[in-house]
Amino acid sequence: MLEWPSQPVTDFRGIPLPEPGIPAGYAALMARFGLAVPISGPLVAIAERHHPRSDDRWRMLTPRHAPALELSAQLTFALRYEGVNLIVLKRLFGAVAPADIAAMVGASPTGAYARRVWFLYEWLTETKLDLPDAGKVRAVPVVDPDLQLALAEGEPSARHRVMNNLPGPAAFCPMVRRTATLEAYRSQRLDSRAREAAGRVRSDLLARAAAFLLLNDSKSSFAIEGERPSGSRATRWGQAIAQAGRGPLSVAELDRLQRIVIGDHRFVRLGLRREGGFVGVHDRDTQMPIPDHVSARAEDLPSLLEGLIAFSERAIRGGMDPVAAAACVAFGFVYIHPFVDGNGRLHRWLVHHALALAHFNPPGLIFPVSVAIHRRIADYRAVLESYSAPLLPLIDWEPTADGNVRVLNDTADFYRYFDATRHAEFLYACVEQVIVHDMPEEIRFLESFERFSERLQQIVDMPAAEVELLRGFLAQNEGRLSERARTREFAPLSDAEVAAVERAYALSFPKGSPAPDPPDAPDPRT
């Protein structure tokens with residue numbers, strides 16, 4: 001018989017506490033009702049002393065915060081201190097009798113926390129409790145905006161007298177906690193800074209910068225997957241990225257994008273998976289699958305994608321932070337993994353779609369977030385594993401004859417409801433890198449290159465491709481033309497012309513200018 005935790009512990013489900021404490025709130029509910037859920041956000045416990053020490057995994061509260069060992073008190077405590085954890089609530093509501101929730105509400109029919117629990121029960125279970133409507137009482141938000149990011153304005157529920165400011169529908173609703181890291185990023189107003197910076201640049205230079213950044217993002221998105229696409233394939237995907245946010249998201253649109261990203265699909269079945277899926281390797285001897293991540297079941301894909309598409313519209317139109325909303329949509333998609341191939345690049349396309357839909361980036365300019373992700377590839381993998389690793393032990397699967405996996409338990413809710421806080425923090429770091437560093441550096445490079453080209457034309461008449469090659473050699477040799485270049489590619493130049501070219505380069509590209517591409521990798525800017 002499971003009981004409420006009542007004695008201090010030093011470890012809870014393999015997660016050590018910073019000091020002895022009694023699990024409370026969601027942790028207590030997990031223990032009391034044996035809820036098998038992934039743990040990705042911090043838990044709460046009651047310490048034995050009045051000045052406890054917390055860490056990244058545990059928030060330790062003082063003994064005076066201790067809730068009573070009963071359902072109503074622990075649920076109220078969880079909502080007050082931890083916010084809305086939909087996966088725990090969904091599993092809890094399946095483990096308790098509806099009468100228990102009705103009794104909690106009936107004992108405090110005007111209570112703000114009771115009405116929130118009541119709404120969440122009916123919203124998650126699609127079951128109406130035997131309770132009269134709340135009547136005339138002040139409406140409260142379902143999500144506490146001081147704890148979690150939510151819609152700027154919610155929809156009123158007259159029955160419960162709450163404002164439904166949840167960012168998504170019940171079919172797909174990741175949540176993002178407010179953290180000091182996220183608030184620091186949000187306070188920078190990165191979207192306004194990007195628009196202000198773009199407004200100070202000549203339109204033709206901005207267009208050239210946009211073209212380069214777009215192609216670079218396309219190539220980096222393939223590179224993250226370990227692929228080196230042909231120039232035409234990278235260009236086609238870049239064009240698809242440029243169209244992100246211009247039209248409505250749909251399964252048909254995702255199918256179209258998969259065709260573009262795969263290219264030659266003779267050996268890949270397109271469309272939604274009809275079988276299981278996983279990310280990982282096979283045992284070399286037995287060919288048994290060794291998953292790092294198990295994808296959503298094929299039969300759950302239509303519902304999950306329908307929910308994800310609805311989330312993207314609701315969260316962005318409803319005023320949720322655009323970068324956090326983009327993280328929820330994009331990482332939710334890659335966890336669902338609806339296609340046999342192409343999921344990673346489509347996941348990053350969804351970042352562009354969400355940001356463009358929210359008008360976060362300047363018109364006509366796509367932030368090359370894949371470039372920033374590629375630079376932070378170890379952090380990127382750690383963020384992906386922050387949820388997939390604790391999820392894996394909860395999935396019951398068996399191998400199939402063709403080396404795939406067959407999931408045996410109901411896992412859909414694991415992909416509907418997850419804590420996307422780390423994902424939002426990571427994506428914000430990438431967006432900051434792009435806006436604060438990459439865009440200005442590219443614009444400075446183009447301005448410097450333009451000055452160099454103009455000065456060079458006063459010295460010698462040279463085709464654009466040769467100008468770029470010359471610039472590359474000078475950059476590679478700290479502004480001096482190497483003996484090899486002087487005797488081969490640029491042998492026609494006189495000593496006086498070489499000296500003038502080097503002076504032109506020094507004036508155009510002062511120390512500290514952005515590092516250019518080497519000459520053996522032709523610069524797509526030209």
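Here are some notes:
- All told, R406 falls short of being within 25 Å of T181 (Cα to Cα) and charged (D, E, K, R).
- Selection status of A252, among the small types (G, A, S), assigned by TED's automatic domain parsing to the domain that holds W349 and within 21 Å of the chain's Cα centre (by Cα): no
- From the list R406, R422, R375, R416, the lone residue that is modelled with pLDDT of 95 or more and surrounded by fewer than 21 Cβ atoms within 10 Å (Cβ to Cβ) is R406.
- Pick from segment 32-44, criterion within 30 Å of the chain's Cα centre (by Cα) and not in a loop (DSSP other than H, G, I, E, B), ranking: farthest from F418 (Cα to Cα): V44
- Candidate set from segment 140-158 (those that are crowded, with 17+ Cβ neighbours inside 10 Å and in a loop (DSSP other than H, G, I, E, B)); member that is modelled with the lowest pLDDT: G154
- Residue within segment 104-112 that is among the small types (G, A, S), touching a Gly at 6+ places or on another chain (Cβ under 6 Å) and in a helix (DSSP H, G or I) present: no
- Search result, residues across segment 433-459 that are out of contact with any helix residue (DSSP H, G or I) (no Cβ under 6 Å at 6 or more places or on another chain) and not aromatic (F, W, Y): V436, H437, D438, M439, P440, E441, R444, E447, E450, E454, Q457, Q458
- P98 vs. criteria touching a strand residue (DSSP E or B) at 6+ places or on another chain (Cβ under 8 Å), surrounded by 14 or more Cβ atoms within 10 Å (Cβ to Cβ) and either under 17 Å from P20 (Cβ atoms) or at pLDDT 95 or above (or both): no
- Where T10 falls short, out of the listed (1) in a strand (DSSP E or B); (2) within 24 Å of H423 (Cα to Cα); (3) free of Cβ contacts under 8 Å to residues at least 24 places away in the same chain: (2)
- Unmet requirement for A389, which otherwise passes all of (1) modelled with pLDDT of 90 or more; (2) surrounded by fewer than 21 Cβ atoms within 10 Å (Cβ to Cβ); (3) farther than 22 Å from K90 by Cα: (3)
- For segment 429-467, filtering for residues that are surrounded by 16 or more Cβ atoms within 10 Å (Cβ to Cβ), acidic (D, E) and modelled with pLDDT of 90 or more leaves 1.
- Residue within segment 172-179 that is surrounded by fewer than 17 Cβ atoms within 10 Å (Cβ to Cβ) and either in a loop (DSSP other than H, G, I, E, B) or outside the structural domain of R314 (by TED's automatic domain parsing) (or both) present: yes
- Applying a threshold of 6 Å to beta carbon distances and a minimum spacing of six or more residues, or different chains, the list of pairs starting in segment 246-264 at a residue that is free of Cβ contacts under 8 Å to residues at least 60 places away in the same chain and ending at one that is of a type in the set (A, V, I, L, M) reads V251/L305; I260/A240.
- Verdict on R236 being surrounded by fewer than 19 Cβ atoms within 10 Å (Cβ to Cβ), in contact with a His (Cβ under 9 Å, 6 or more places away or on another chain) and not in a loop (DSSP other than H, G, I, E, B): no
- Inspection of segment 262-275 finds a residue satisfying the criterion of being crowded, with 17+ Cβ neighbours inside 10 Å and out of contact with any strand residue (DSSP E or B) (no Cβ under 8 Å at 6 or more places or on another chain).
The values are calculated or read from the model by the stated rules, or taken from the named source; none is laboratory data. These numbers were taken from a predicted model, which means no experiment stands behind them. Cβ atoms come from the backbone with ideal geometry, glycine included; neighbour counts cover every protein chain shown.
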